[in-house]
Structure formats: structure tokens, C-alpha cells
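Undergrad: Below you'll find the structure I mean.
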Amino acid sequence: MFSHDCPTSVAYHMFLKGKVGLDQHLNITNETLQAMFEAHQPKRWIFGHWHITKSIVIEGCEFICIGKKDSRIIEL
């Protein structure tokens, strides 16, 4: 799965959890991607909206955020 942003739960666990005072507003895109993730868990989900290279595995899906100066070669 490739998308610009990530599901709400992923944003929380990767970027927002424990960030006291962080003013981040999740939107309908995050909620829609969350509904998609709840319906189907792909093996890998790649996105870049947050501009930080970071990864986490949630419910067997590897979420990879690609930073603004990074790149990945993806084997399809």
C-alpha cells in the first residue's frame, strides 16, 4: 500500500504518543485510511507525509514513513 499519509492509529503510535503539547490535527484522510486498514491489513504500507524516516509494525503490517531527503527501492 502506498499513500501520502497514514491511518490515525499509526500516526498516534509513530508520531504523537507521548508528545505533550503537540498541536496536531488528524483529518478525514487519516480516518479514511484507518477504516481501510481495519478492513484489510497489507504486508507493508509506505507513506511520507510526516517527513521523518521511521518504521513500526502494527497488527502484522510494516508501516514505513519515508523522510523528505530519503528514498527506498521497493521490490514489487
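The values are calculated or read from the model by the stated rules, or taken from the named source; none is laboratory data. Keep in mind that what you see is a predicted model, and the values were worked out from it rather than measured. In this analysis, Cβ positions are derived from the backbone assuming ideal geometry, glycine residues included, and neighbour counts consider all displayed protein chains. For accessibility, only protein heavy atoms count, side chains too; no ligands or nucleic acids. Shrake-Rupley method; radii C 1.70, N 1.55, O 1.52, S 1.80 Å.
Undergrad: For region 44-76, which positions are farther than 17 Å from S9 by Cβ and touching an Asp or Glu at 6+ places or on another chain (Cβ under 7 Å)?
TA: Listed by number, the list holds a single entry, T53.
Undergrad: Applying the selection to region 55-69, what residues are part of a strand (DSSP E or B) and open to solvent by 90 Å² or more (accessible area, probe 1.4 Å)?
TA: Matches in region 55-69: V57 only.
Undergrad: Kindly list, by first and then second residue, each pair from a residue in region 32-53 that is within 17 Å of L76 (Cβ to Cβ) to a residue that is β-branched (V, I, T), limited to pairs with Cβ atoms under 6 Å and residues at least 6 apart or on different chains.
TA: That search, which allows pairs on different chains as well, returns I46/I64.
Undergrad: Still on this model: Can you work out which of the residues in region 27-54 that are part of a helix (DSSP H, G or I) and either open to solvent by 80 Å² or more (accessible area, probe 1.4 Å) or of a type in the set (A, V, I, L, M) (or both) is nearest to L16 (Cα to Cα)?
TA: E31
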